[in-house]
1. Output the number of the condition that E:Leu17 fails; it satisfies all remaining conditions of (1) crowded, with 24+ Cβ neighbours inside 10 Å; (2) assigned to a helix (DSSP H, G or I).
2. Taking D:Val152, is it under 17 Å from the mean Cα position of the chain (by Cα) and of a type in the set (Val, Ile, Thr)?
3. Can you pull out the residues in the stretch E:95-110 that are among the small types (Gly, Ala, Ser) and more than 15 Å from D:Gly172 (Cα to Cα)?
4. Only one of these conditions is not met by D:Arg210: (1) assigned to a loop (DSSP other than H, G, I, E, B); (2) over 18 Å from the mean Cα position of the chain (by Cα). Which number is it?
5. Every residue in the stretch D:43-77 that is charged (D, E, K, R) and closer than 22 Å to D:Gln10 by Cβ, please.
6. Just to be sure before I move on: is C:Gly172 within 14 Å of chain D (Cβ to nearest Cβ) and in contact with a strand residue (DSSP E or B) (Cβ under 9 Å, 6 or more places away or on another chain) in the structure I sent?
7. Specify which of the listed residues (C:Pro28, C:Pro35, C:Pro67) is out of contact with any strand residue (DSSP E or B) (no Cβ under 7 Å at 6 or more places or on another chain), crowded, with 24+ Cβ neighbours inside 10 Å and either at pLDDT 95 or above or under 22 Å from B:Phe124 (Cβ atoms) (or both).
8. Could you tell me how many of the residues in the stretch D:124-153 are farther than 23 Å from E:Pro90 by Cβ and not in a helix (DSSP H, G or I)?
Amino acid sequence: MRPNAPTAIQRDGRTLLLAMDHGLEHGPTDFEPVPDTVDPETVFDVATHDAVTALAVGKGVAETYYPSYEDDVALVAKLNGATNLRLGEPVSPKNMTVDYAAELGADAVGYTLYPGSNHEPEMFEEFRAVQERAREYDLPVVLWSYPRGQGVKNDTKADVIAYAARIALELGADVTKIKHPGSREAMAWATRAAGEVDVLVSGGSKTDERAFLETVRSTLDAGGTGLAVGRNVWQREDPERMLDALERVVFEDDTPDAALRGAVA
Amino acid sequence: MRPNAPTAIQRDGRTLLLAMDHGLEHGPTDFEPVPDTVDPETVFDVATHDAVTALAVGKGVAETYYPSYEDDVALVAKLNGATNLRLGEPVSPKNMTVDYAAELGADAVGYTLYPGSNHEPEMFEEFRAVQERAREYDLPVVLWSYPRGQGVKNDTKADVIAYAARIALELGADVTKIKHPGSREAMAWATRAAGEVDVLVSGGSKTDERAFLETVRSTLDAGGTGLAVGRNVWQREDPERMLDALERVVFEDDTPDAALRGAVA
Amino acid sequence: MRPNAPTAIQRDGRTLLLAMDHGLEHGPTDFEPVPDTVDPETVFDVATHDAVTALAVGKGVAETYYPSYEDDVALVAKLNGATNLRLGEPVSPKNMTVDYAAELGADAVGYTLYPGSNHEPEMFEEFRAVQERAREYDLPVVLWSYPRGQGVKNDTKADVIAYAARIALELGADVTKIKHPGSREAMAWATRAAGEVDVLVSGGSKTDERAFLETVRSTLDAGGTGLAVGRNVWQREDPERMLDALERVVFEDDTPDAALRGAVA
Amino acid sequence: MRPNAPTAIQRDGRTLLLAMDHGLEHGPTDFEPVPDTVDPETVFDVATHDAVTALAVGKGVAETYYPSYEDDVALVAKLNGATNLRLGEPVSPKNMTVDYAAELGADAVGYTLYPGSNHEPEMFEEFRAVQERAREYDLPVVLWSYPRGQGVKNDTKADVIAYAARIALELGADVTKIKHPGSREAMAWATRAAGEVDVLVSGGSKTDERAFLETVRSTLDAGGTGLAVGRNVWQREDPERMLDALERVVFEDDTPDAALRGAVA
Amino acid sequence: MRPNAPTAIQRDGRTLLLAMDHGLEHGPTDFEPVPDTVDPETVFDVATHDAVTALAVGKGVAETYYPSYEDDVALVAKLNGATNLRLGEPVSPKNMTVDYAAELGADAVGYTLYPGSNHEPEMFEEFRAVQERAREYDLPVVLWSYPRGQGVKNDTKADVIAYAARIALELGADVTKIKHPGSREAMAWATRAAGEVDVLVSGGSKTDERAFLETVRSTLDAGGTGLAVGRNVWQREDPERMLDALERVVFEDDTPDAALRGAVA
C-alpha cells in the first residue's frame, strides 16, 4: 500500500530536497566554482539550514558523513547513478540496495529513471524491485523521472514532462522530481498527471537568482510541493542567502521579490 | 491446474474490463479529450457502473486509489507496461510482482505479451513465472496478446489474431484480450483457437459509437465473452451512456441499435 | 543417474509420441486442413488410440484438457516453444517449469534445442537446469534435437542428424526426436551415435501415407525405437486409419504394405 | 584453500587423462575412423588400461556408462561444452553442475575456458562459481585453458600458451590442459608460469605415433605432469599399443624410442 | 557503515600495497625481465619487506601461496580481473567472491572498476554487491578506479583522475588506487575529491628510479596516503633497494634524494 505522506522529508507538506550526487553524475568539476564544496561536510553543513527538509546523497557519502549529521538532517539515500564518462543510451545502475539504505538510517530512497532510453526495460524492472522493497521498510520512494535517450528529442516539452510525472504515479513512487516544462499551465498539467504523487521541480544548473525563484514559485502555484536543488544552492558563494529566500517562497508562500528582499535584509 | 472460470471479474460469464493503463503506455495525452480523466478517481468512479465487471490499472494507481473502491470494483492488476517513448523492438517489462498484486487485493493479474517481437523469448520466460505464481494464489491471468515487432507486418490479419488467441491458450492464460480481425468469421476462428480461454475484444482508440458496439456484438456472436475498453468509454463526455449501451449488448444480448435506443431513453 | 527406460511413455520398448504443440510453433493455420483439430479435445481423443504411447502438449493445453484424459493418455509436458512470427536466430524459451509439469502429472518432459543457433549457449544452460531438475522427479527427458540457425546450412544432412542424436546423449536426454537423414544407413549411424538414448523420428509435415510409413519402418530397422508424429496423423481425415497402420509397423514390425492392407481391412 | 595434489586422477604424481567429449565438441565424425568408438563403452574399456589415470566425459555419457566402470576408472566430469556448429565468438556453456558431478561420483571436474574470446567475462564469472563450489566438495578442478577468439591471432605462440597456463594458476585451477607451444623451452616457461598447477599437454588431432610421444616427452621434461589425450589413442586401430608406449614415457620416463620398442615387443 | 581506517593494510596511516595480478592482466610477459618473479613465492618473499603493508594477488595465487605467508603478509584479495587478450570495451569480471576472500583470511578486498566503459553499468552493479558484502565481513574495500573505454579519451587528465577518485568515495570504497594526473596540484584536487577515502598512486610500468620516487613523494605531499606498486619493485634486479627507498619516502617522509642516498648506503 502507498504509505502516508512522506512527512519525514517534508515540513508543512512541502519539501526542499538538497541534492549532492554530482560527484558521481558529473565529477568534481561541479565543485570547482566553490572548491570547498568538494568536501561533503560543507554540503552537509548547508543541509542543516531550516529550509532544507532532506539531503540526497549516494552510498559512500552517506556512510562516511551521515553518522555525524543524522540528528539534524533527513536522508534520502540515492540508490543509483552513473558517470557522464560513458557513451551510449542512458542507464543508471543501482549502487546501493534498499536494505543497505535502511541500515544507514535513510528516511527515504531515491532512484533515477530514464523513460525513453533503450535501457528503459531494465530500469523499470529494477525500479520494481526497489519500490516493493522500500514498501516493506515503509520508506518513501523519490523518483528522478527524466525522459532521455534515442526516443526523446526534447526533454522539457510539456507533454514529455507530464508523461514523466505520470510515470511516477503509474510505477508507484511517492515523490517525483521533474524538470520545469516552461509554463505554469504545463506544470499544472504535470502535477495533475502525477495524482497523489508529490511533485518537486528540479533545480538544474546554476541560474539567475530571481529566475530560479520564479521557477520554484511557478511550480508551487501549479500544484507542486517543492523542489530538489543542488548547484543553485551550493555553487553560490552565499548558499544561506538563497536558502533564506527559498524558505520564504516555499514555506511562507512569498513572491520571489519579497523573498529576496527578506533574504537581503 | 487451470482454475475455474474467472467469475470474480465476470457477470453471468461475461466480462467488461475497463482499462486505464494509458498513463504509462501513451502518457497523459490520452486524458486531454476529457481532462478530468487525468485524475484516476474519475475512472474509478466510472468503474462502479454496473456494466463494468473489473478495472485494470497499474501498480501505483492501484495502491493509491484502489483501497477506497475495493468494495465496489474488481481489480485486474496490470503487471507490466512500457512507455511509447522508447524506440526499438517492443517489450513490456514487469513493474509489479504477482505477490504484490495479491497483497493489494487484486482479483486477477494482467500481462501484455508481444509475440513476434525480438524480445518474445524474454517475455515468454517472464510470463511463465507470472503465470505459475498466479496459479499459486489462484489468481486468474489475463493476457494482452498483441503480435508486434519486426516479425509482424499486419497485426489485425485474421491468421495473426487467431495466432494471438491460440498463444493465450498454449501459455496458460485464463482470459485473453485481442484485437478484432475485421470479420465475424475470423473472430469465430480466433475464439475457437483459444479453446477454453475467454476472449475479450480490445476496444482500441475512440471510434464511432455504433461502430464500436457492432464490434463488441460481433465478438460476442463469434464466441467471445466480452471486451476490454478504455478510451471508448472514458474519452467520451458521457461515459455512462456508452456503458449503458454496452450493458445491454454484453449482458442482455441486445443489438447495438436496441442498446443505443435504450441508452438514449 | 540416468533412470531406467522411459516405460511410462513406451509400449514394448517402442514409442509413438503424438505431438500437438503446433498451435504455439506454427499457429492455428496447421489446424485448418481439419478444422476440428483446433479443439484440443479432438487430438486428446485421437491420443486414446492404442497405438499412441504418449501425447506431447504445452502448458496451457495440458492444464486445461489433461485432467479429463489422465487415465487414458500418458503426458509429455513440452516445456519450451516459440512462435514462427519472430525473426532472427532460433531460440525456444521455457514456458513451463519441470516442477509445474510434475504437478500436472506429466510422465515425461520435452525440450526443444537448436544446436548451431547463436542462442545455443543459453539453451544449453537452460536445458542443463531442466535435465537436472527432471532427474530429481525421476521424469524422463525427451529432447527435440534440431540443429538450426546461421551455423547450419542443411539440417537433414547425415552428419548433422548424427550430431543431433549425439548431442542428446552428451547432454543427458533419455529420448531424442530427430529428423530422418534420408537413408537407413545414415539413420543407423545416428542411432549408434545416440548410444543408450532412444531415438524417435520426427514426423514432419503431412506426406504421402506410404512414404511416411516407409520412413518409420526405416527408422525402426536402423535402431530407432519409434516416432513422434503430429500432422501426419491429425491432419488426415481419418487419423485412426493411420494409427492402425502405425501400430502394425511399430509394434508388430509389419512392412508398410502389410500395415496398409491391415488398416484398409 | 587449494586442496592437496589431485591424487585421485594421478599415478605417482603423473596424469594420463583420456578425454572423450568429442561427440559434443566435434560430433560423431570423430568416431568414423574407428566406428566402434561411437559406442562410449569402447572408450570406457580403453580407459581401464593401467596407463590411464582418469577419463573425462560429459554429463550424459557419465550418467549412462560410468556406473558400470566406477571401480576401474577415475572420472573427470566435464562440466561445459559447445558444438562446432555455432558461428561467432567461442563460448562453452555449462551443461552440468558441480553438485550433479559430485552426485555422479566424479573424482574431479573439468571446465573449458576461452581467454581472449568476447565471451571471456561470462566464462570467468561462471568458472568462479564452478571453482568455489568444487572446493566445497574438495573436488580438483581441471581447466582446459584455450585462448581463442577475435583477440587471439595465434593460439600456439609461446607467450599465448604461457598466458594460458598462468590463467589456470590465477583463477584457482588445480590442473590445466594446454597446447604445446612448439619448443621445450617455451613449454618450460609455461609450466613455470603455472606455478603449483599441474600442466597437461593436450593431445590434439591424431598425429604420427613417434611425433606424439615426443611431444609428451618434451612436456614432461619441461615440468609438465602428463597429458590429456583422445583421438591419438582411440582413433588408432590399436589403442592399447599407444597406451603401452605412453605408460613407459609417462610413468617410467622412457624415451619415445624405448617406449615404442617396448610397446612393439 | 564505513569502517574505521583500514589499519590492517597500513602502517602509521600509510599504505604500500605490493600488487601482483599481472599474470592475469598482462600474462607472464611481465615476469620476463626478472624470470624468477614468475614464481609467486619470489614476490611473496619481497612482500615480507618491512616497507610493504599489504600484498594484492588473485584467487589462485592467494589460495596456493598465502597459507605459508599469512603471519608475515597482509592480504588484499583481488576479486576481479581480465586478460589483455580480449578485444572490445573494458570489463573486469569477478573471479572470487567476498566470502571466499574472507575464508582465505584476506585483510581487505580489491576490485577494478572502469568508469566510462560501455560496461560501466554491470561493473557498478557488481561492485555494489561486493562492497555491501565486504561491509558484512568488516573487510576494507580497495578500488582500482581506472576510467577507460570509448568514453575516455585521456585517462591521465586532471579532471578524469579527480573523477576517478570521487567515484571511489561515492560508491563506498575505503581506499582507491588512481593514476597520477601529472602535477601535485591536480593530485591534491583528486585527494580532496576522494574525501575520507585513502588515495594510493598507481605505480604503473617500470620507470626511472628517481622519477618513480618523485611521483610517490608528490602523491603524499598532495594528501595521498601511499602507493600500490608492482613492476617498479619486482621488475628490478634489486627490489629491496627500491623498497628501502620507498620506506624512507613513505614512512619517514624523506625526499627521493635522501631516500636513494639511504638506500644506497
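1. All conditions pass for E:Leu17, except number (2).
2. Criteria not met by D:Val152.
3. E:Ala102, E:Gly105, E:Ala106, E:Ala108, E:Gly110
4. Of the numbered conditions (1) assigned to a loop (DSSP other than H, G, I, E, B); (2) over 18 Å from the mean Cα position of the chain (by Cα), the odd one out for D:Arg210 is (1).
5. D:Asp45, D:Asp50, D:Glu70, D:Asp71, D:Asp72
6. Yes, satisfied.
7. One residue alone meets the criteria, C:Pro28.
8. Number satisfying all stated conditions: 7.
The values are calculated or read from the model by the stated rules, or taken from the named source; none is laboratory data. Just so we're clear, the structure is a prediction, and the values are computed from it rather than from any experiment. Neighbour counts are summed over all protein chains in view; Cβ atoms, including those assigned to glycine, are modelled from backbone coordinates with ideal geometry.
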